[in-house]
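Read-outs throughout are calculated quantities, based only on the coordinates presented, and are distinct from any laboratory measurement. This one's a predicted model, so the numbers in the text were calculated from it and none came from an experiment. Using ideal geometry, Cβ is built from the backbone for each residue, glycine included, and neighbour counts are taken over all protein chains shown.
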Amino acid sequence: MAQLDQGAINGVVKDSTGAVIAHAQVTLTNTDTNFALKGTTDARGQYNFSPIKIGNYILSATASGFETTTQEDVRVKHPGPSEY
């Protein structure tokens, strides 16, 4: 079996009513290394960070007219044997 040391984090940025937020600034910071990746949501509010290293992350999103939201303790981990 191949060793996997990478994964992905993706999602959609939405406001409190559930409407997507296009062109939001999204930052993914590895809390183990303090390395940060920056991206922008597309017209459907979607973002994708791939490939990224296995580790622990903080994800934050901000857009003009909105408060910054942060999600801590985001983990990218090795899949179990049944997940290959």
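Within the range 31-76, the set of residues being among the β-branched types (Val, Ile, Thr) and within 13 Å of ASN10 (Cβ to Cβ) comprises THR41, ILE52, VAL74, VAL76. When the residues of the range 14-55 are filtered to those that are more than 13 Å from the chain's Cα centre (by Cα) and charged (D, E, K, R), the one that is farthest from PHE66 (Cα to Cα) is ASP32.
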